[in-house]
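Reviewing the structure listed below.
The values are calculated or read from the model by the stated rules, or taken from the named source; none is laboratory data. The structure presented is a predicted model; accordingly, all values stated were derived computationally and were not measured. Note: ideal-geometry Cβ built from the backbone for every residue, glycine included; neighbour counts use all protein chains shown. Keep in mind that these areas ignore ligands, DNA and RNA; they rest on the heavy atoms of the full protein, side chains included. Shrake-Rupley method; radii C 1.70, N 1.55, O 1.52, S 1.80 Å.
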Amino acid sequence: MALHLEHVASLEDLPPAAWNALAGDSPFLRHEFLMALERSGCVGRRTAWQPVYLLAKDGAEIVGSLPLYLKHDSRGEFVFDWGWAEAYERAGRRYYPKLVASIPFTPATGARLLVRPGADAAAVANRLVHGAREAALELDASSLHVLFPTEEERELLDREGFLCRKGCQFHWHNDGYADFDDFLGRFSSAKRKKAKRERRRVAEAGITFEHLRGDEPGPAEWDAIFAFYAHTFERRGRPPYLNRRFFDEVARTMPENLVIVLARHHREPIAAAICFRGNETLYGRYWGSLADFHSLHFETCYYQGIEYCIRERLRRFEPGTQGEHKISRGFTPQPTWSCHWLRDRDFHEAVADFLARETRHVDAYMDELDEHVPYRDGARVTLPA
């Protein structure tokens, strides 16, 4: 296999089928998702995310790729390195631009070193890693960061001299539950009563729910859904990462991967959770509400998603970042990773020392959280391979 690399600033001219052959089951790696980010202006010109997609070719055939971006800040990454940037600045050095292999605004673990089925996976992945480091030098980037890679990719990047940073999210795993009551039946009595009470409060308030494909809400409903999403950011004094055109695009081009949990009160939309799904996983991504009802957030974002996964026989539910409150609702702590290569050897060693200490804290944090899961002894969920 005579591999050569190319950089492209857009996927517009790449056949979707050729790219999607590399994407596997992840909705976020699909040509349609990445092009929605481009066409809506969420990445590209006048943004901090400049695509420099890396392609590995065997002749004219694309056999591998790396979703790579030149970044001018650290927003939308969910792996926080602002302190590293400040340290560079204090030392009179420049941290930005940097190169990031990631899905913009999407803290979901998945393949980053994409390889076409049937190709030499080891050869393609290694060529992509080396090519990304070469790109960092050519673009005068301070560093290269691979965010939320798979465990196999983490091991490869560790061997290649990257620094591996451990994080924690909370995921739900389907242990073959027949229905939601079967799931709650694995809880301790006190935790089960609490969950039922939360659900009852929402139902007694007269709130109902729909699970909609991306192409099922009408324009007025999409107006409301986007308003809910934007309001979540506005409350924090920040503009939303994604605009209305992005959601119009994904609803049009990949509706089967888009799941909307829409809450109504007296038939009027009051809240929504916007999720994406693959063949095995539901990803909770965006939530918003313009109403204030007890336990509405828990029901919309967690319990409804769990019900959906049980009904659709999905293996796992990843509801996003942060949130220790997810533990009592059946989610368990799971490690996530990012991998980092810094050109400046002094800073590389300093970050290595920081990460060694940080990892010990993350391990202790996860051990502590593991003691608070709601499952009865002996009724612990079985993690799928």
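With respect to (1) surrounded by fewer than 20 Cβ atoms within 10 Å (Cβ to Cβ); (2) more than 24 Å from TRP49 (Cα to Cα); (3) of a type outside the set (Ser, Thr, Tyr); (4) in contact (Cβ under 8 Å) with a residue 24 or more places away in the chain, the lone exception for ALA121 is condition (4). Scanning region 287-331 for residues that are farther than 13 Å from PHE183 by Cβ, of a type in the set (Val, Ile, Thr) and at pLDDT 95 or above gives THR300, ILE327. Just one of (1) more than 22 Å from the chain's Cα centre (by Cα); (2) open to solvent by 20 Å² or more (accessible area, probe 1.4 Å); (3) within 22 Å of GLU358 (Cα to Cα); (4) not β-branched (Val, Ile, Thr) fails for PHE80. It is (1). Taking region 334-352 as the range and being surrounded by 15 or more Cβ atoms within 10 Å (Cβ to Cβ) and either modelled with pLDDT under 95 or assigned to a helix (DSSP H, G or I) (or both) as the test, the residues that pass are PHE347, HIS348, ALA350, VAL351. Taken together, the residues in region 230-251 that are open to solvent by less than 60 Å² (accessible area, probe 1.4 Å) and either modelled with pLDDT under 95 or closer than 11 Å to GLY288 by Cα (or both) amount to 4. Of all residues in region 209-223, those satisfying the criterion of being over 14 Å from ALA273 (Cα atoms) and of a type outside the set (Asp, Glu) are GLY218, PRO219, ALA220.
Taking the conditions (1) assigned to a helix (DSSP H, G or I); (2) closer than 30 Å to ALA132 by Cα; (3) among the polar types (S, T, N, Q) in turn, THR300 satisfies each one other than (2). Of all residues in region 30-48, those that are within 19 Å of PRO239 (Cβ to Cβ) have Cβ atoms under 6 Å from Cβ atoms of residues that are of a type in the set (D, E, K, R) and in a loop (DSSP other than H, G, I, E, B), 6 or more apart or on another chain, in ALA48/ASP73. Taken as a whole, the structure leaves HIS294 outside the set of residues that are in a helix (DSSP H, G or I) and either open to solvent by 40 Å² or more (accessible area, probe 1.4 Å) or within 19 Å of LEU29 (Cβ to Cβ) (or both). Within region 284-296, residues that are among the acidic types (Asp, Glu) have Cβ atoms under 8 Å from residues that are open to solvent by less than 10 Å² (accessible area, probe 1.4 Å) and not in a strand (DSSP E or B) in no pair, counting only partners at least 6 apart in sequence or on another chain. Do we have GLU134 as under 25 Å from GLU38 (Cα atoms) and open to solvent by 50 Å² or more (accessible area, probe 1.4 Å) here? Yes: the conditions hold for GLU134. Scoring PRO16 on the criteria (1) surrounded by fewer than 19 Cβ atoms within 10 Å (Cβ to Cβ); (2) modelled with pLDDT under 95 leaves a single failure, condition (2). Per the listing LEU114, LEU66, LEU29, the residue uniquely of a type outside the set (S, T, N, Q) and closer than 30 Å to GLU349 by Cβ is LEU66.
Looking at region 308-324 only, could you name the residues that are open to solvent by 70 Å² or more (accessible area, probe 1.4 Å) and in a helix (DSSP H, G or I)? Within region 308-324, ARG311, GLU312, GLU324 qualify.
Only one of the numbered conditions (1) open to solvent by 60 Å² or more (accessible area, probe 1.4 Å); (2) over 25 Å from PRO319 (Cα atoms); (3) in contact with a Lys or Arg (Cβ under 9 Å, 6 or more places away or on another chain); (4) of a type in the set (D, E, K, R) is violated by GLU160, and that is (1). Which one is surrounded by the most Cβ atoms within 10 Å (Cβ to Cβ) among residues in region 48-77 that are closer than 18 Å to VAL115 by Cα and touching a Ser or Thr at 6+ places or on another chain (Cβ under 9 Å)? Per the stated criteria, the residue is ALA56. Which residue is farthest from GLY110 (Cα to Cα), if the candidates are limited to region 23-47 and must be in contact with a Gly (Cβ under 8 Å, 6 or more places away or on another chain), open to solvent by 10 Å² or more (accessible area, probe 1.4 Å) and at pLDDT 95 or above? Within region 23-47, the match that is farthest from GLY110 (Cα to Cα) is THR47.
Residues are listed down the side, and each one gets a yes or a no for (1) farther than 21 Å from TYR283 by Cβ; (2) acidic (Asp, Glu); (3) at pLDDT 95 or above:
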position	(1), (2), (3)
ASP73	yes, yes, yes
SER102	no, no, yes
PHE105	no, no, yes
ARG133	yes, no, yes
ASP140	yes, yes, yes
GLU153	no, yes, yes
